[in-house]
Amino acid sequence: MLTVVQGGSAYGARLITTEALAKGALLHRIEHYRLVERPTYQTIQVARDAHIEELGVVAYLNHSCRPNTHVDTTAFTVTARRDIAAGEELTFFYPSTEWEMDRPFVCLCGAPQCVRLVAGAKYLSVDTLSRYSINRHIRGLIREPPAAALVSAR
């Protein structure tokens, strides 16, 4: 159902679906991961100070400001946000899971609502984030007073 393709993209390797997927379809259940305290460019944040690595095919999900999948860090699943055609690259919105990225980058997705610099939810307005399905830990960090965020960063 999912195929990792090396090259052919500005981002290097990418994850492609080999069959059409309906909106809401379960694409992958995240299992057999390792929990770590600090983010890397290959982790997904699942709580304030918790990140998972050794993600298998999920590690090949690239970012898009117009994503077609959602990574749910409570259920540990990847689902289709909309109908997805066979052969389409699978993407998700990185700030939906990441408060502060280990390696920020300039986005090349070309979507009309592109955020341009992908550095994490911390650097986006609430208005921008409201356009996306973001995870519970990110919603919690948004609501924290700035002083609490500074204390946790130490």
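Applying the criterion of being of a type in the set (Val, Ile, Thr) and not in a loop (DSSP other than H, G, I, E, B) to the residues of segment 113-134, the residue that is surrounded by the fewest Cβ atoms within 10 Å (Cβ to Cβ) is VAL126. Meeting the requirement of 2 or more residues that are farther than 15 Å from SER133 by Cα, at pLDDT below 95 and β-branched (Val, Ile, Thr), the strands (runs of 3 or more DSSP E) wholly within segment 1-112 are 2-5, 14-17. The residue of segment 43-62 that is surrounded by the fewest Cβ atoms within 10 Å (Cβ to Cβ), among those that are under 20 Å from CYS109 (Cβ atoms) and among the hydrophobic types (A, V, I, L, M, F, W, C), is ALA59.
Of all residue pairs spaced 6 or more apart or on separate chains, those with beta-carbon atoms under 9 Å, a first member in segment 100-114 that is under 23 Å from ARG38 (Cβ atoms) and touching a residue at least 12 places away in the same chain (Cβ under 8 Å) and a second member that is surrounded by fewer than 12 Cβ atoms within 10 Å (Cβ to Cβ) and of a type outside the set (Phe, Trp, Tyr) are GLU100/ALA153; ASP102/ARG38; ASP102/THR40; ARG103/THR40. Scan segment 21-42 for residues that are surrounded by 19 or more Cβ atoms within 10 Å (Cβ to Cβ) and over 24 Å from CYS109 (Cα atoms) and the total you get is 1.
The values are calculated or read from the model by the stated rules, or taken from the named source; none is laboratory data. Remember, it's a predicted structure, so these values are computed and weren't measured experimentally. Heads up, the Cβs are rebuilt from the backbone with ideal geometry, glycines too, and the neighbour counts pull from every protein chain shown.
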